[in-house]
1. Exactly one condition in (1) outside any loop (DSSP other than H, G, I, E, B); (2) crowded, with 18+ Cβ neighbours inside 10 Å; (3) modelled with pLDDT of 85 or more is not met by residue 54; state its number.
2. If I filter the stretch 194-221 down to residues being surrounded by fewer than 18 Cβ atoms within 10 Å (Cβ to Cβ) and assigned to a strand (DSSP E or B), which single residue comes out as nearest to the chain's Cα centre (by Cα)?
3. Counting just the residues of the stretch 17-44 that are at pLDDT 85 or above and assigned to a loop (DSSP other than H, G, I, E, B), which one comes out nearest to residue 111 (Cα to Cα)?
4. When you check residue 169 against the structure, is it closer than 18 Å to residue 134 by Cβ and either surrounded by fewer than 24 Cβ atoms within 10 Å (Cβ to Cβ) or more than 20 Å from the chain's Cα centre (by Cα) (or both), yes or no?
5. Looking at the stretch 433-447, I want the residues that are without any contact (Cβ under 8 Å) to a residue 40 or more places away in the chain and have a partner that is in a loop (DSSP other than H, G, I, E, B) with Cβ atoms under 8 Å, at least 6 apart or on another chain. Which pairs are those?
6. Looking at residue 267, is it surrounded by fewer than 18 Cβ atoms within 10 Å (Cβ to Cβ), at pLDDT 90 or above and within 30 Å of residue 100 (Cβ to Cβ)?
7. In the set 314, 274, 288, 236, which member is in contact (Cβ under 8 Å) with a residue 40 or more places away in the chain and out of contact with any helix residue (DSSP H, G or I) (no Cβ under 6 Å at 6 or more places or on another chain)?
8. Check off (1) out of contact with any strand residue (DSSP E or B) (no Cβ under 8 Å at 6 or more places or on another chain); (2) at pLDDT 90 or above; (3) surrounded by fewer than 16 Cβ atoms within 10 Å (Cβ to Cβ) for residue 417 and give me the number that stays unchecked.
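The values are calculated or read from the model by the stated rules, or taken from the named source; none is laboratory data. Keep in mind that what you see is a predicted model, and the values were worked out from it rather than measured. With ideal geometry, Cβ positions are generated from the backbone for all residues, glycine too; neighbour counts draw on all protein chains shown.
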């Protein structure tokens with residue numbers, strides 16, 4: 001009997017530690033993930049030692065700190081010579097993000113190569129492991145970085161590749177392209193103020209992070225009608241990252257998950273669940289997401305959570321902008337939305353929030369009269385701007401005056417097949433313009449949402465409400 005119990009334990013241990021494709025977050029902890037990483041590191045190839053004499057003769061300097069030995073042919077400068085100290089700040093921040101014990105990484109050290117003249121490094125044998133160095137490359141505990149014109153973007157690449165080597169060392173895996181690049185972009189996007197490093201930074205303007213441009217890359221794709229669904233992002237291959245646009249989309253998905261309370265934990269827990277087949281990581285993420293959301297919001301079923309994820313992503317990505325207000329733009333769903341049961345229904349829509357559920361379901365084929373009234377504040381600087389539901393024509397967002405009352409229907413699951421792609425008033429990306437009022441015959445059945453048209457970065461100074469009345473003629 002003991003023999004069979006021991007055999008069962010070995011099988012269980014094998015799947016949890018080395019396969020990881022049948023268990024999820026509750027069974028896998030940071031400690032188990034790190035154990036797996038240590039086992040994988042035992043089988044790493046031994047690095048070929050660098051020829052220090054040849055490196056020196058090539059005019060390459062060596063800078064060293066606790067966690068980084070940096071070789072560079074760049075001239076002495078404060079921006080370059082302080083990079084090792086910056087990297088030392090990165091490691092405890094990554095330990096905190098992945099919930100790892102920093103004492104386990106006291107001796108962790110990376111060899112980095114910051115390259116201006118590639119031939120110098122080639123002559124001394126320092127780039128023999130690099131297949132093609134466009135911007136950055138990482139392998140085990142070494143990383144190679146092309147010099148950049150922007151001090152910010154040079155640091156960004158150092159941190160990005162640093163995330164790769166750290167994750168490989170800690171967990172033994174990086175995961176599929178969408179996750180490994182999304183996480184490296186998320187944590188590599190940073191703020192350095194008074195020599196203090198902040199990771200996972202969301203820029204306030206396009207001028208703040210010179211050379212970065214991830215938001216502009218995504219918006220450029222959207223302008224060409226190249227919107228990527230979550231499924232599209234999961235299907236990105238390594239070769240897709242020959243273009244920076246894929247880094248932009250992977251960052252966008254990572255920052256979307258990181259800043260939404262329903263999706264943050266599941267996204268972070270992917271790091272603990274990287275063993276097994278990389279192509280399975282997307283399904284593991286969905287399984288982790290369902291478990292974490294249902295543990296906090298048991299009233300939502302599996303299909304509803306999946307639908308919310310897709311709707312939330314579409315709304316975020318079509319409105320992506322600098323200084324995006326994640327808190328105020330979060331969509332307010334209503335599990336108990338019901339058809340209108342009285343001659344007139346009235347409710348308030350807040351001016352400082354994104355899409356808000358009316359608590360009402362419109363029914364396909366029925367006609368409704370929507371009327372709106374009220375006066376609210378849209379801005380306070382340089383002076384206070386007031387608006388009514390028909391908006392202010394002095395300024396536009398997405399082709400519509402700011403302050404205009406918008407509405408949209410989110411189809412019931414059974415009606416999704418009836419929702420024609422691109423139909424105005426169906427889905428968050430193409431809403432109906434309501435203004436002061438509109439007569440609306442519903443093409444589908446679904447939950448009715450409203451919001452004030454405004455920039456996603458400028459909701460915080462809005463004050464007031466709109467009163468909405470709905471009647472059936």
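1. If we test residue 54 against (1) outside any loop (DSSP other than H, G, I, E, B); (2) crowded, with 18+ Cβ neighbours inside 10 Å; (3) modelled with pLDDT of 85 or more, just (2) comes out false.
2. Only one residue fits best here, namely 198.
3. Our first condition is that a residue be at pLDDT 85 or above; within the stretch 17-44, this holds for 29-36, 38-44.
Next, from what is left, pick out any that are assigned to a loop (DSSP other than H, G, I, E, B): 29, 42-44.
Values: 29: 29, 42: 19, 43: 19, 44: 16 Å.
Among them, the one singled out is 44.
4. Working: closer than 18 Å to residue 134 by Cβ: no; either surrounded by fewer than 24 Cβ atoms within 10 Å (Cβ to Cβ) or more than 20 Å from the chain's Cα centre (by Cα) (or both): yes.
No; evaluated as a whole, the condition is false for this residue.
5. none
6. Numbers: surrounded by fewer than 18 Cβ atoms within 10 Å (Cβ to Cβ): no; at pLDDT 90 or above: yes; within 30 Å of residue 100 (Cβ to Cβ): yes.
When the stated conditions are applied, residue 267 does not pass them.
7. On the way: 274 fails: out of contact with any helix residue (DSSP H, G or I) (no Cβ under 6 Å at 6 or more places or on another chain); 288 fails: out of contact with any helix residue (DSSP H, G or I) (no Cβ under 6 Å at 6 or more places or on another chain); 236 fails: out of contact with any helix residue (DSSP H, G or I) (no Cβ under 6 Å at 6 or more places or on another chain).
Being in contact (Cβ under 8 Å) with a residue 40 or more places away in the chain and out of contact with any helix residue (DSSP H, G or I) (no Cβ under 6 Å at 6 or more places or on another chain) holds for just one of 314, 274, 288, 236, which is 314.
8. The single condition residue 417 does not satisfy is (2).
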